[in-house]
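Step one of this worksheet: look at the structure below.
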Amino acid sequence: RSARQQGKQLVAANLQAGRSAAIALDIERDLRHALERDQFHLVYQPQMDLRSGRIVGAEALLRWQHPERGLVSPVDFIPVLEEVGLISAVGFWVITEACRQAQEWEAKGLNLRVGINLSARQFLDPMLFDSIVGACRGTGASPRLVELEITESLAMQDPEHAINLLKRLRENGFKIAIDDFGIGYSSLEYLLRFPLDTIKIDRAFVNNITNSQADRAIVRAITAIAQTLGLSTIAEGIETLRQCDFIEALGVNEIQGYLIGKPMAPSDLEVLASSFSRPD
Ligand code: C2E
Ligand code: MG
Ligand code: MG
Ligand code: MG
C-alpha cells in the first residue's frame with residue numbers, strides 16, 4: 001500500500017473515531033438527565049421451568065427511551081453509565097423498581113422470581129449490599145424472589161470480595177445466579193466455590209445445540225456439575241422448539257428465550273404467567 005493510501009485511511013479512521021466520540025458525549029450528557037426525566041423502564045423476560053411448564057421467573061432488563069434516538073439498547077449505554085460513574089444511581093433505581101415489581105406480583109399471588117443484573121462497577125460499590133437489602137425492605141419484596149445476576153468476569157475481578165458479598169446476600173435470603181456462564185476463562189474450580197443458586201448457560205452454547213456435538217457436551221457437563229452442587233440451570237437464548245428439546249434432554253431445568261417470550265411489559269408477563277403451559 002502507498003503512504004498516501006495509508007494516510008487517507010488514517011484520516012478516515014480518525015474521523016470515524018471523532019464522530020463516535022461526539023456521539024458518546026451526547027449520550028453521556030443525555031444519560032445524566034435520563035433518571036430525573038423518567039426515561040428508564042424495565043421489561044421482563046419470562047423463564048420457564050421445563051418440568052412443570054410454568055413461568056417461574058422473569059429477568060428484569062433495563063431500557064432507555066431517548067426522546068430523539070428512541071429505544072437505546074443497554075449494551076450501548078450501560079458501559080457509558082459505568083464510565084461516567086452513574087451506574088450506582090441507575091443500578092439502585094433498577095434494584096428498587098425490580099423489587100417493587102416482585103412485591104406486586106407476590107401480592108397478586110404470582111410466585112415469580114425476579115432476576116436483576118449487576119454490573120462490574122456496581123458490584124464493587126461498598127454501598128451495594130445495603131442498597132439491595134434496603135430496597136427489598138422498603139418495597140416489601142421477599143428476598144427469596146429476588147435473584148441477583150453477576151457475570152463470571154465480574155466475580156473474578158476480585159474473587160474474595162465477591163465471595164464475601166454473595167455470602168452475605170445469600171444469608172439474607174437472596175438468590176445468586178451466574179450469568180452468561182461458560183464464555184469466560186476463569187478457573188472452573190474457583191468459580192464453583194462461589195456461593196450460587198443458579199447457573200445461566202450462555203446463549204452461545206444454545207445457538208448451535210442442534211448440530212454441534214461439542215456444544216452439547218459442554219451443556220451436559222455444566223448440568224452435571226450443577227446437579228452435583230445442587231444448583232439450578234437456566235439456558236439462555238432458546239428460540240426454537242428443537243433447541244428446547246435438545247436442552248431439555250441434556251437435563252437443563254429452565255429456559256429463557258424468544259421461544260417463550262421476548263422481554264415484555266409487566267402486564268404482558270402477568271398474562272403469560274397466569275396462562276402459560278408448555279408449547280408443543
Ligand atoms: P443478559 O443479562 O445476558 O440478558 C439477556 C439478553 O439476551 C437480553 O438482551 C435479552 O433480550 C437477550 N435475549 C434473550 N433471549 C434471547 C433469544 O432467544 N435470542 C436472542 N438473540 N437474544 C435473546 P438485552 O435486554 O439487550 O440486554 C443485554 C445485556 O445488557 C444483558 O445481558 C445485561 O448484561 C445488560 N443489562 C440489561 N439490563 C441491565 C441492568 O438493569 N443492569 C445491568 N447492569 N446490566 C443490564
Ligand atoms: Mg442477565
Ligand atoms: Mg445472560
Ligand atoms: Mg448475555
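Looking across the stretch 174-203, the residues that are among the small types (Gly, Ala, Ser) and within 16 Å of ligand 2 (Cβ to nearest atom) come down to ALA177, GLY182, GLY184.
Residue pairs whose Cβ atoms lie under 6 Å apart, sitting 6 or more positions apart in sequence or on different chains, and linking a residue in the stretch 58-77 that is within 13 Å of ligand 4 (Cβ to nearest atom) to a partner that is not in a strand (DSSP E or B), are LEU61/PRO263. Within the option set GLN101, GLN65, being under 20 Å from ARG144 (Cα atoms), over 15 Å from the mean Cα position of the chain (by Cα) and at pLDDT 95 or above holds for one residue only, GLN101.
Every condition in (1) at pLDDT 95 or above; (2) of a type in the set (D, E, K, R); (3) within 24 Å of PRO263 (Cα to Cα) is met by ARG168 except one, and the failing one is (3). Going by the structure shown, is LEU259 assigned to a loop (DSSP other than H, G, I, E, B) and not charged (D, E, K, R)? Considered against the rule, which asks whether it is assigned to a loop (DSSP other than H, G, I, E, B) and not charged (D, E, K, R), LEU259 comes out as yes. Of the strands (runs of 3 or more DSSP E) contained entirely in the stretch 138-221, those carrying at least 1 residues that are basic (Lys, Arg) and within 16 Å of ligand 3 (Cβ to nearest atom) fall at 175-181, 198-201. With respect to the stated conditions, LEU154 is modelled with pLDDT under 95, within 13 Å of ligand 1 (Cβ to nearest atom) and within 22 Å of SER119 (Cα to Cα). Could you list, in sequence order, all residues of the stretch 77-99 that are in contact with a strand residue (DSSP E or B) (Cβ under 9 Å, 6 or more places away or on another chain) and acidic (Asp, Glu)? Scanning the stretch 77-99 gives a single hit, GLU97.
Check whether at least one residue in the stretch 241-248 is in contact with a strand residue (DSSP E or B) (Cβ under 7 Å, 6 or more places away or on another chain) and aliphatic (A, V, I, L, M), and report yes or no. Yes, that holds for at least one residue. Output yes when any residue across the stretch 191-210 is within 16 Å of the chain's Cα centre (by Cα), aromatic (Phe, Trp, Tyr) and surrounded by 14 or more Cβ atoms within 10 Å (Cβ to Cβ), and no when none is. Within the stretch 191-210 (the criterion being within 16 Å of the chain's Cα centre (by Cα), aromatic (Phe, Trp, Tyr) and surrounded by 14 or more Cβ atoms within 10 Å (Cβ to Cβ)), the answer is no, since none of the residues qualifies. Among the numbered criteria (1) more than 16 Å from ligand 2 (Cβ to nearest atom); (2) under 30 Å from GLY53 (Cβ atoms); (3) polar (S, T, N, Q); (4) at pLDDT 95 or above, which single criterion is violated by ASN111? ASN111 satisfies all of (1) more than 16 Å from ligand 2 (Cβ to nearest atom); (2) under 30 Å from GLY53 (Cβ atoms); (3) polar (S, T, N, Q); (4) at pLDDT 95 or above except (4). On the stretch given as the stretch 101-120, residues that are crowded, with 19+ Cβ neighbours inside 10 Å, out of contact with any Gly (no Cβ under 8 Å at 6 or more places or on another chain) and within 28 Å of ASP76 (Cα to Cα) total 4.
The values are calculated or read from the model by the stated rules, or taken from the named source; none is laboratory data. Given the structure is predicted, the values throughout are model-derived calculations rather than measurements. Neighbour counts run over all protein chains shown; Cβ positions are idealised from the backbone, glycine included.
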